[in-house]
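Below: the structure, in structure tokens.
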Amino acid sequence: MRICGVELTGNDAVVCLLHLEDQQFEIPDCRVRKLTLPKDHTREDLQQFQFAFAKLVSDYRVDKVAIKERMPKGKFAGGAISFKLESAIQLIADIDVVVLSSTQIKSGLSEHPLPIIFAETGLKVFQEAAFTVAYAAHRLK
């Protein structure tokens, strides 16, 4: 199963692909690390973001998209644009999308700790949350 982990921050969707086969994880190369929606976006910009994300999922044969949940209010609340990005992703036809809370991710990691130190993955530091949500989604299915 191939999962695309997503962390939504500001106007970016940070992505990480993670593939599990025969209990062995693989981090496939991906042409993008994040997709960005302009801050002063139009309806067409949002449609282009949605199309680019759908194309990424199709091209890499992603089975499931796992998004790290953001808080709707409070100190760590997600911004309005990040909720638009989440909606755009969830509304893509024929894509299995799950939103995982921090509690679900922590629970999954406590039962199945990461088999590798993040620094050894070869991913960029800003992709760590996307990697973690993808890993947790594999373990919580």
Relative to a virtual label point 7 Å from the Cα of residue 116 in the Cα→beta-carbon direction, which members of region 6-33 show backbone nitrogen distances below 20 Å?
-> 6-7, 14-33
In deg cm²/dmol, rounded to 500, what helix-only [θ] at 222 nm does the chain give when every DSSP H run of at least 4 residues adds -39500 (n - 2.57) and the total is split over its residues?
-> -11500 deg cm²/dmol
Principal axis dimensions, region 2-140 - Cα atoms, whole angstrom, descending | 42, 37, 26
Extended-chain gain in nm, criterion 0.36 nm per residue less alpha-carbon gap, residue 123 and residue 30 = 32.4 nm
Using a cut-off of 24 Å between alpha-carbon atoms, which lysines can reach residue 73, once sequence neighbours fewer than 8 places away in the same chain are excluded?
-> 39, 84, 106
Additional length obtainable on full extension of the chain from residue 45 to residue 94, 0.36 nm per residue less Cα span | 15.5 nm
Looking at this model, which pairs from 34/68; 64/124; 34/55 are more than 18 angstrom apart at the alpha-carbon?
-> 64/124
Put in order of increasing Cβ neighbours within 10 Å, starting from the fewest, 125, 62 give 125, 62
Among 136, 23, 72, which residue has its Cα positioned farthest towards the positive end of the charge dipole of the chain, with +1 placed on the Cβ of Lys and Arg, -1 on the Cβ of Asp and Glu, and the dipole taken about the Cα centre?
-> 72
Overall form of region 30-73 per C-alpha gyration tensor (a/c, 1.5; a/b vs b/c) = oblate
Have a look at the DSSP beta bridges in the chain and tell me what percent are antiparallel, nearest 5.
-> 60
If you line up the long axis of helix 102-111 against the longest principal axis of the chain, both from Cα atoms, how many degrees apart are they, to the nearest 10?
-> 10
Mind checking the dipole of the chain: about its Cα centre, +1 per Lys or Arg Cβ, -1 per Asp or Glu Cβ, Debye to the nearest 20?
-> 440
Helix 80-90: inclination vs the chain longest Cα principal axis, degrees, rounded to 10, gives 70
Take the chain, connect every pair of alpha-carbon atoms lying under 10 Å apart with a spring to form a Gaussian network, then pick out the residue of 29, 40, 12 with the largest mean-square fluctuation.
-> 40
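Each reported figure results from applying straightforward, stated rules to the coordinates on display, with no laboratory input. This structure is a prediction, so every number in the text was calculated from the model and none was measured. Glycine also receives a Cβ, built like all others from the backbone with ideal geometry; neighbour counts cover every protein chain displayed.
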